[in-house]
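Below is one structure; the comments refer to it alone.
The values are calculated or read from the model by the stated rules, or taken from the named source; none is laboratory data. The shown structure was predicted, so the numbers you read here are calculated from the model rather than taken from an experiment. We place every Cβ from the backbone using ideal geometry, glycine too, and count neighbours over all the protein chains shown. With ligands, DNA and RNA removed, areas are computed over all heavy atoms of the protein, side chains included. Shrake-Rupley method; radii C 1.70, N 1.55, O 1.52, S 1.80 Å.
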Amino acid sequence: MGFQSNGSAAAEKPLKFLIYGRTGWIGGLLGRLCEAKGLDYSYAAGRLEDRTQIEADVAAAQPTHVFNAAGVTGRPNVDWCETHKVETIRTNVVGTLTLVDVCREKGILVVNYATGCIFEYDDGHLLGSGVGYKEEDTPNFVGSFYSKTKAMVEELLKSYDNVCTLRVRMPISSDLSNPVVNIPNSMTILDELLPISIEMARRNLTGVWNFTNPGVVSHNEILEMYRDYVDPTFTWKNFTLEEQATVIVAPRSNNELDASKLKTEFPELLPIKESLIRYVFEPNKKKAPAA
């Protein structure tokens, strides 16, 4: 059975989400978001690379949509993937394709949290130019094996009509204490965008989407906001790219993604700096001591 993206199937029965990636950051946030919204959901028990387990998960949950926030990013970081290539392929490529293939047979849409770390600034997309990569552009960053597998699977998934691929980039964490490279990048403010991904499922949207806030922000700008809103005594140290290269195995992607497609669908989407203030720093703002 093929997937019908006209919304009729979802309209006939209440939404029920099956989430892969329970122990991951995004997977955990999705579950809490469904709880807060009163949405019916469950976490999958099976492993992505085991088709039989996926079929059992789907049969037990009877979902209208599947959220895939599982995948190998490596511990402590993507450098792990450089020395564990088979394991990375097994989950990020084979596993993702297996999940989508099983769901297509059942007419179920998969919202796949992918990555935008498959591009890097180049002559046509210069740093600071404001020209971002669009959804149809061909990935050009092959510096890390992790990014290679993500680009591979994104291309293969284009053949499936039951997938909504969300290119997440540098999702914002409250931990801003690590040394950082000060290069402007597209980023994803999860507090704003994860609820949008649930609405995208509700609308049965498919295809590739740059899943970032419009515009770019540098780590220094984020850290300055942290200092201004949260901790006036906060200081930090920047890495140069050369210094970073001495402590990581694989290069990291720096780019700007064009978020105009997402902004057209969701006009309320905030620019990156406004979203940071509203969703990250205002809620954490320390109240000034009473005079």
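Numbers for the structure displayed
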{"read-out": "Failed criterion for residue 263 (all others in (1) open to solvent by less than 50 Å² (accessible area, probe 1.4 Å); (2) within 17 Å of residue 166 (Cα to Cα) hold)", "value": "(1)"}
{"read-out": "Filter result (over 11 Å from the mean Cα position of the chain (by Cα) and crowded, with 18+ Cβ neighbours inside 10 Å) within region 107-123", "value": "108, 109, 110, 118, 119, 120, 121"}
{"read-out": "Count - residues of region 220-263 that are outside any loop (DSSP other than H, G, I, E, B) and at pLDDT below 85", "value": "7"}
{"read-out": "Which numbered condition residue 156 fails, given (1) under 15 Å from residue 273 (Cα atoms); (2) exposed (fewer than 15 other Cβ atoms within 10 Å of the Cβ)", "value": "(1)"}
{"read-out": "Unmet requirement for residue 61, which otherwise passes all of (1) surrounded by 17 or more Cβ atoms within 10 Å (Cβ to Cβ); (2) within 23 Å of residue 253 (Cβ to Cβ); (3) touching a residue at least 12 places away in the same chain (Cβ under 8 Å)", "value": "(2)"}
{"read-out": "Residue match in region 195-203 (condition: on the phi > 0 side of the Ramachandran plot, touching an Asp or Glu at 6+ places or on another chain (Cβ under 9 Å) and not in a strand (DSSP E or B))", "value": "no"}
{"read-out": "Search result, residues across region 3-32 that are at pLDDT below 95 and under 15 Å from residue 103 (Cα atoms)", "value": "3, 4, 5, 9, 10"}
{"read-out": "Selected residue (criterion: surrounded by the most Cβ atoms within 10 Å (Cβ to Cβ)) from residues of region 212-256 that are within 22 Å of residue 148 (Cα to Cα) and without any contact (Cβ under 8 Å) to a residue 60 or more places away in the chain", "value": "245"}
{"read-out": "Qualifying positions in region 113-127 - of a type in the set (D, E, K, R) and out of contact with any Ser or Thr (no Cβ under 7 Å at 6 or more places or on another chain)", "value": "122, 123"}
{"read-out": "Count of residues meeting criterion [basic (Lys, Arg) and in a loop (DSSP other than H, G, I, E, B)] in region 116-155", "value": "1"}
{"read-out": "Search result, residues across region 64-106 that are loosely packed, with under 15 Cβ neighbours inside 10 Å and among the basic types (Lys, Arg)", "value": "75, 85"}
{"read-out": "Residue list for region 34-60, filter: closer than 24 Å to residue 207 by Cβ and modelled with pLDDT under 95", "value": "48"}
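So that you can scan it fast, the table gives a plain yes or no per residue for (1) closer than 25 Å to residue 240 by Cα; (2) in contact (Cβ under 8 Å) with a residue 12 or more places away in the chain; (3) β-branched (Val, Ile, Thr):
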| position | (1), (2), (3) |
| --- | --- |
| 127 | yes, yes, no |
| 134 | no, yes, no |
| 150 | no, yes, no |
| 161 | no, yes, no |
| 167 | no, yes, no |
| 188 | yes, yes, yes |
| 210 | no, yes, no |
